[in-house]
1. So, of the residues in region 616-672 that are hydroxyl-bearing (S, T, Y) and farther than 25 Å from A327 by Cβ, which turns out to be modelled with the lowest pLDDT?
2. Keeping to region 315-365, report how many residues are farther than 27 Å from I398 by Cβ and assigned to a loop (DSSP other than H, G, I, E, B).
3. Quickly run through region 410-429 and pick out the residues that are buried (at least 19 other Cβ atoms within 10 Å of the Cβ) and part of a helix (DSSP H, G or I).
4. Would you point out the residue of region 535-578, among those that are of a type in the set (G, A, S) and more than 26 Å from V421 (Cβ to Cβ), that is modelled with the highest pLDDT?
5. Specify the residue that is farthest from G637 (Cα to Cα); the eligible residues are those in region 398-408 that are open to solvent by less than 30 Å² (accessible area, probe 1.4 Å) and outside any helix (DSSP H, G or I).
6. Test each condition in (1) in a strand (DSSP E or B); (2) within 29 Å of N160 (Cβ to Cβ); (3) open to solvent by 40 Å² or more (accessible area, probe 1.4 Å) for P28 and report the one that comes out false.
7. Buried (at least 22 other Cβ atoms within 10 Å of the Cβ) and not in a loop (DSSP other than H, G, I, E, B): does that describe S664?
8. Would you check if A755 is crowded, with 23+ Cβ neighbours inside 10 Å, in a helix (DSSP H, G or I) and over 25 Å from the mean Cα position of the chain (by Cα)?
Amino acid sequence: MTILKITKKHHKHFNNPFPSSSASTTIPYSQGSLFFNSKTLSSDQTFSIGNDFHLSWTSNNGGYLSVSHISHASRIIWSSIPGQAFVSAAMVDTEVEECRGSFLIKDRDVHLVCDNQIIDDIREINHLEHEVSESLSLEQKMITEENQLPTVLITGRLFNVKKNNRSFHKPGIQESMQFEAKGSSVYARYWVLFNQKTKHQVGFQVKVEKPNFISRKKEPSTASGGGVYLGFKRRLSNIKKRLRWCWYLSRPRGFVFVSSVEEEIGNLDIPESEEFNRVWLTYESDENEKFYGFGEQFSYMNFKGKRVPIFVQEQGIGRGDQPITLAANLVSYRAGGDWSTTYAPSPFYMTSKMRSVYLEGYEYTIFDFTRLDRVQIQIHGNSVEGRILHGNRPCELIEHFTETIGRLPELPEWIISGAIVGMQGGTDAVRHIWDELRTYDVPVSAFWLQDWVGQRKTLIGSQLWWNWEVDEQRYWGWKELIKDLCTQNIKVMTYCNPCLAPADEKPSTKRNLFEEAKQLDILVKNSKGNPYMVPNTAFDVGMLDLTHPKTENWFKQILLEMVEDGVRGWMADFGEGLPVDAVLYSGEDPISAHNRYPELWAKINREVVEEWKSNSFQEESLVFFMRAGFRDSPKWGMLFWEGDQMVSWQRNDGIKSAVVGLLSSGISGYAFNHSDIGGYCTVNIPILQYTRTQELLLRWMELNSFTTVFRTHEGNKPSCNSQFYSNKETLSHFARTAKIYAAWKFYRIQLVKEAAQKGLPICRHLFLHYPKDENVHHLSYEQFLVGSEFLVVPVLDKGKKKVKAYFPLGESSSWLHIWTGKVFSKQGIEECVDAPIGYPAVFVKVGSLVGETFLNNLVTFGIL
C-alpha cells in the first residue's frame, strides 16, 4: 500500500541551508515503449474530433498520434513520440515536508511502474462507453452526452515488462527485442478520450484503472491478491485467441511478434484495491521550442530544460539569491524557497511553436522539459483532464485560454487614476502625509492602510492583529477620516486574510473573531477534530474552512461591515498555506484542496464586491487585490500583486523578479498585476542587511509607473527603509512618477477594457507581439511592452544610468524616445540609451495616436 508521509518542520530552529529543490524527484524518467494491435489499427487513419479537429494515427516509426485543427491541417498542435508510450502510471510513496507555508513534495519508495503501453483500439464514438462513463462525474457525463460531435476514444493497457533477457526475432530482421522472463508482470487498462470543447480547444481525459497481476503459477497464495491473477488468466486466454500484438521499433526496421505480455508474478506486496497514484503524459517537443506561462513565475520566462512543479506556496525569502536564501533556510526550513516557488502557479503553457496545453483539476503536477525532444507531465493521481489549444498567435492563445478559465472584470476607474498610498501609523500620520502630498501635487487615488486593525511587535517586525475590525485607538475618528478623504475623491483601502489570530491579548476589541469562528465550527481542523493552529511567521492562527457552508456568509458580513464604514478596497492576503494534513468540512483531499483554496478565497471576496454593487445605489465600485492564486483565479479575482519581494536589486527575489512575475502571470491570464513599490522583505541584523535604499525606491517607482496599479508599501520594517515620504527628493520623485502614471490613464482604461474582453495583459512580454523574432525569446526582465504601443526598458541595476534597448523585428513603425524625441528605425538591434533617475527609457510608436496623447499629457503635467 502506498504511503503518504507528512513531516512538519515548523519549530526546527537550525536547518540545512541547502535543502533540495521543490522540483526534485527520485522517480526515474518514464520512457516506455508503444505497442499496438495490427488487426484493429491500420497503418494510417484519421479521426474527427468534433467539427474542427482531427486526430491522426500512423504506424510509421513505431506508431504515433497527432492532433491538428482543420484550418491548418499540416500544423501539428500535439503529437506523441514515435514508438514510445504517451501514457504511463506508477504506485509511489509520497512525503510532504511542510514549514510555515513552504512545501516540498517528494517521491519515496516506488512500488510499481507500468511504463509500456499497448493501444487496443482507436475509434470515433457518439455516446459514452460504459468503462468511460463509470469514471466521469455527473456534470462531465451531461456535457459529453449533450455534445453529439464525434469523440475519439483510445483504449489499451499499460504494463511493466522490462527489456532484458528473452529475445524474439522476426526472420530477416536483425533487430531483436528482449523481455524479462523472470519476476513480476502487471498490467492496467486505460482509456484516453479526445473531444472538442470549443472551436479552438480539444479536451482530453486519461484514466488508468487498478492494476491486474499476471501469473503462470498455480499457487496464487504465494502472492497477495492471488484470486485476481487467476481471474485475469481466464480473461487473457480469450483475448490471446483474438489478438496478436505488434510492436514497431522506434526506427523503421520492421517489427517483432509478441505472443502476450504474460510473465511470472513475483512477490509484490500490493493490495487488490490499490490505485495508481502517478500518471505521466509524454509527448513531442521541438529542440528549440520555448515554453512560457505556468502562472506567476519569478525567475524565468522560458522553461525549456526545467522541471516546473505546480503547487501553491510561499515564494520564499531570496529564492536562490545569496546570501539571504542561505540565511533564511538556516533559520526556518526551506524559508528561502527556490526558483520555482510561487504563490500563484498555473498548469498552463504556450510555446514559441504556437502550441498550448493546460490541465484541469487541482492535483500536484510537475511539468518536465529536461529532455529537449519531449514534454513529460507527472500528475499525482490516477487520472488527468486537460485541454489542447489552437491559435495562430500568442495573443490568440491567451484569448482562447481565458475564454474558458475566466477573465478579470474591468477595474473601477478610481484605482487606476493615481497613486495608491500604502502607509501605516494611524489617523494623525495619515493626515500629515496627506498634507505633504498635496504640497507636492501628487495625484492620489487612495490611501491603503493595512494597519487599520492595529499592530503588534514580533520577531520579524511590526505585524498586524489578525482580527478584522478597526483599531479605534490607532485610527481614532475612522469614519471621519474616510469621509474627509472622500470629499477629495480619495478612497480608503484596508487589509484582511482568511486567517484569524486569538485576540485575547489585544486591548479594546469589540469582537474576538477567532472565538466566534471556533464556536461556529468553521475553522480548518486537525486530525483530532480541533481547530488547526497554523504556524505563520511569529504567531499561530486559525484558518477559515472555505468549504464549510457557514463560512461564506459569516465572513462576507465582516467585509460588508468594513465597506459600510466607507472602505472601498482591500488587500485579500494569503491563501497559499492550507496544511496538507488538514481536515475539511467537504471531506476532500487536502493536497488537492490546497491548490483550490486561493480560488475559494477569491470567490468569497468577489461575491462581496458583486453583491454590494447590485444592492447599492452608489456608482463607485469596490476592488480587492490578492497574491495567491491558481489556474482559475482570473475568474474570481479582480487584481493581483506579486507578493513579498526583497528590497534588493537581485534576480530571483528583487526588483528584476518583479518584472518576470509581471510578464509570466500576464501570459497565464493574470491581466492586472503589480508589485509593491520598493519591495517588502527587509532584513536588518548586524551580519546581514537588506534594507531599501533611496536609489532602489526611486527606480522601482519608475518601473511601477508603467504597471496596472501604482502602489507603495513601507515594508515589514518601515523604519529601516527609504520611503516615499523620507525627504524632499523622494517626495518630488514620487510626485513625478505618479504624474507619469496618470498621463497614460486614458490608454490604461482602453487596455483594462480589452483585458476584460479578451484576457490580454496590460504589461506584455515582447513574445506576445513579435513571436517570430528569435531575439525576443532571450529577453526576461530587461524590457516589456505596455499594451502594444509603449516599450519600457527599466533600470534594474544599482548605479546604472544607461540601458540597452532592443527594437524587435517585424514592427512596421519606428520607436520614439519620449524624453529626447530621438527616433529609432532599425530593427533587430540593441541601442544604448541614457536613463538617468527621473527619465526611464520609454518609447512610443511613431505616428501612434496613443503615443502622441501620452506625450501631450506629459506636457500638461509639466513632466515633459
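1. So in region 616-672, the residues hydroxyl-bearing (S, T, Y) come out as 616, 621, 633, 648, 657, 664-665, 668, 670.
This time we only want the ones that are farther than 25 Å from A327 by Cβ, so: 616, 621, 633, 664-665, 668, 670.
On the way: S616: 81, S621: 95, S633: 98, S664: 98, S665: 98, S668: 98, Y670: 98.
Filtering first and then ranking leaves S616.
2. From region 315-365, those farther than 27 Å from I398 by Cβ are 316-318, 320-338; that's our starting set.
Add one more test, that the residue is assigned to a loop (DSSP other than H, G, I, E, B), and what stays is 316-318, 320-323, 332-338.
Final tally of qualifying residues: 14.
3. I415, I416
4. Of the residues in region 535-578, the ones of a type in the set (G, A, S) are 538, 542, 566, 569, 572, 575, 577.
Within this subset, residues satisfying the condition of being more than 26 Å from V421 (Cβ to Cβ) are 538, 542, 577.
On the way: A538: 78, G542: 98, G577: 95.
So the residue we want is G542.
5. Looking only at region 398-408, we keep the residues that are open to solvent by less than 30 Å² (accessible area, probe 1.4 Å), and these are 398, 400-402, 405-406, 408.
Retained after the next criterion (residues that are outside any helix (DSSP H, G or I)): 406, 408.
Working: G406: 10, L408: 6 Å.
Among those that are open to solvent by less than 30 Å² (accessible area, probe 1.4 Å) and outside any helix (DSSP H, G or I), it is G406.
6. Result: P28 passes all but (1).
7. On the way: buried (at least 22 other Cβ atoms within 10 Å of the Cβ): yes; not in a loop (DSSP other than H, G, I, E, B): yes.
So S664 fits the description; yes.
8. Numbers: crowded, with 23+ Cβ neighbours inside 10 Å: yes; in a helix (DSSP H, G or I): yes; over 25 Å from the mean Cα position of the chain (by Cα): no.
Here the answer is no, as A755 does not meet what is asked.
The values are calculated or read from the model by the stated rules, or taken from the named source; none is laboratory data. Model, not experiment: these values are computed from the prediction. When we count neighbours, we look across all protein chains shown, and the Cβ atoms used for this are built from the backbone with ideal geometry, even at glycine. Calculation scope for accessible area: heavy atoms of the full protein, side chains included, ligands and nucleic acids excluded. Shrake-Rupley method; radii C 1.70, N 1.55, O 1.52, S 1.80 Å.
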